[in-house]
1. In segment 34-71, how many residues are out of contact with any helix residue (DSSP H, G or I) (no Cβ under 7 Å at 6 or more places or on another chain) and buried (at least 19 other Cβ atoms within 10 Å of the Cβ)?
2. Name the residue, out of 180, 171, that is in contact with a helix residue (DSSP H, G or I) (Cβ under 8 Å, 6 or more places away or on another chain), over 29 Å from residue 103 (Cα atoms) and at pLDDT 95 or above.
3. Output the number of the condition that residue 94 fails; it satisfies all remaining conditions of (1) under 18 Å from the mean Cα position of the chain (by Cα); (2) free of Cβ contacts under 8 Å to residues at least 24 places away in the same chain.
4. For the condition surrounded by fewer than 21 Cβ atoms within 10 Å (Cβ to Cβ), modelled with pLDDT under 95 and over 23 Å from residue 24 (Cβ atoms), what is the one hit in 197, 140, 226, 136?
5. Tell me, please, whether a residue that is in contact with a helix residue (DSSP H, G or I) (Cβ under 6 Å, 6 or more places away or on another chain) and modelled with pLDDT under 90 can be found in segment 235-254.
6. Given the criteria more than 19 Å from residue 274 (Cα to Cα) and either touching a strand residue (DSSP E or B) at 6+ places or on another chain (Cβ under 9 Å) or surrounded by 18 or more Cβ atoms within 10 Å (Cβ to Cβ) (or both), does residue 74 qualify?
7. Could you tell me whether residue 3 is modelled with pLDDT under 95, in a loop (DSSP other than H, G, I, E, B) and more than 30 Å from residue 134 (Cβ to Cβ)?
8. When only residues in segment 239-266 that are out of contact with any strand residue (DSSP E or B) (no Cβ under 9 Å at 6 or more places or on another chain) and surrounded by 16 or more Cβ atoms within 10 Å (Cβ to Cβ) count, which is farthest from residue 222 (Cα to Cα)?
């Protein structure tokens, strides 16, 4: 099992360290490949969806390797379906391990969810019933994944629009138990906490207060849309003022953590993403001044 205390290990690639410091990053999108390599913008790191780079070659992997020469990279998976009752997808894990060895990412993450059944992929991040049975199942899958990859991974809390009647563990306690029992770290998505707190009517600060400080290694921020009384995690708008306020509360609780601006739909110009990242960076720097 992997210990909760993170070791400060720096893996050296040919040009730059893989270590992701307490700084703001953005998602790497194909639309911005050439502009990034031409301008080398001031940003801490980039995150990519792992599955987009599983090929043996081609332009996506070429540009990822070129950008990796200048910036640390985080690999963020969406397809392992760790909460499914299916056995783990070994071909998927092998491709992920090959990508890790090739890119030397600073962080590797997946989701607290399921998305496949009977070998059929549903192409969504579906919420789990928060029960002891589901907890034991996903903990086992995370441990198997970490053993196969030879490294600790991070698990992200997801947004949801329904709850299972037979859930008997609060979401925040479930996430805490997943981390403590499996030894994985936590990728804390502040936007998802806020969205769920409105959709399911709980105190977002209570969620943050329940999470162990040592487990949190990365934070996500994103935008949402609303449909009546339901908030939809779209990743297609700027971060809301409510989520910024919750982020500041999280910084006071966990300290400065690598923070990503997620923007996956209606992707704006690179300059817009950099401005959003700078808002997070300024908050990280202000926190560091206060903490010092």
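The values are calculated or read from the model by the stated rules, or taken from the named source; none is laboratory data. Since we're looking at a predicted model, the values are computed, not measured. When we count neighbours, we look across all protein chains shown, and the Cβ atoms used for this are built from the backbone with ideal geometry, even at glycine.
1. Final tally of qualifying residues: 4.
2. 171
3. The number of the failed condition is (1).
4. 226
5. No; the residues of segment 235-254 include none that is in contact with a helix residue (DSSP H, G or I) (Cβ under 6 Å, 6 or more places away or on another chain) and modelled with pLDDT under 90.
6. no
7. no
8. The selected residue is 256.
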